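Every number here is computed from the coordinates shown, using simple stated rules; none is lab data. Note that the structure is a prediction, hence the values are computed from the model and not measured.
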Amino acid sequence: MNDTPEAKNTRTRMITELCAKNKLLCDFHDEPVHPYGQMRTWPNAVTREFCFAQLDSKRVFELKTFVTTVFVNMLAGPIDMNNGMFDLRQGKTTRVDNPMEVPSTLVSEAARTLIVFSGATIIPDIPEFYRKYPVLLEYLSAQQMPWRESKTLSGVIGEHIVMARQAADGKWLVGAATNESARELDIKLDFLGAGNFTATIVQDGKDAHYQKNRETLRSEIRHVTSADTIHVGLAPGGGACVILERKP
């Protein structure tokens, strides 16, 4: 990936074809060739790090960066941004090579795994941290691909985004994320079909903050229809996660 653009293109295609023949997925990291529709021919090329990934580029990964990148970089195709860190204080615990804390909240980290289209939900932390938060682990587990449908419900570049995706099993998932500012958002459910749904809603805790109280959250279960609206409060640097499952 450090050669000329022409050589990088040739090498990328060769590696992707070899992986396809051996039934392997491809995720290119560190200065990859930009996405260019390769997935239409080689669907095993699920994603690439065509962005500053938050796992090892926290020096530049500000909150406003995330809600800008998802509007820009994904225009070219799927990206792997290393979202879904649950050890948000890794600078003091695990990453000696990049000793900086993660500027985010737990709920926002989970929401980002849905907001970023990656072809595969790639989470970078260890199992122990995910098991500490069962309701968020359920949200991650519900991301069954390929997505049936995706909708951007709300968003302003550099400020916030609300994304909805329908999983392969028919469940709808919603992820919301904000920049350094707290905000209140109303999420209309008019994208749902007819019928009754169970909504599992996870939000930041009342006193959450991406710098000083990252791990707090609250959750609730409600019964909703397509005529309803879900109101969520996002802490500074925070987010919201929703699972919508049709009732039998």
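222 nm [θ] for the chain, helices only, -39500 (n - 2.57) per DSSP H run of 4+, per residue, to 500? Numbers along the way, then the final one.
On the way: 5 runs with 50 residues, N = 248.
Helices in the chain give a 222 nm mean residue ellipticity of -6000 deg cm²/dmol.
Whole-Hz Karplus ³J(HN,Hα) for region 64-72, in order, using 6.51 cos²θ - 1.76 cosθ + 1.60 and θ = phi - 60°, x for Gly and Pro?
After applying 6.51 cos²θ - 1.76 cosθ + 1.60, I find 5, 5, 4, 7, 9, 4, 5, 8, 9 Hz.
If all Cα-Cα distances of region 109-235 are sorted into 5 Å bins from 0 onward, what percent lands in each bin, rounded to whole numbers?
Pairs per bin, as whole percents: 2, 9, 20, 23, 23, 15, 6, 1, 0.
Of 23/188; 64/206; 151/247; 8/64; 8/151, which pairs sit farther than 29 Å apart, going by alpha carbon to alpha carbon?
Numbers: 23/188 40 Å; 64/206 22 Å; 151/247 22 Å; 8/64 31 Å; 8/151 33 Å.
The pairs that break the limit, which is 29 Å between Cα atoms, are 23/188; 8/64; 8/151.
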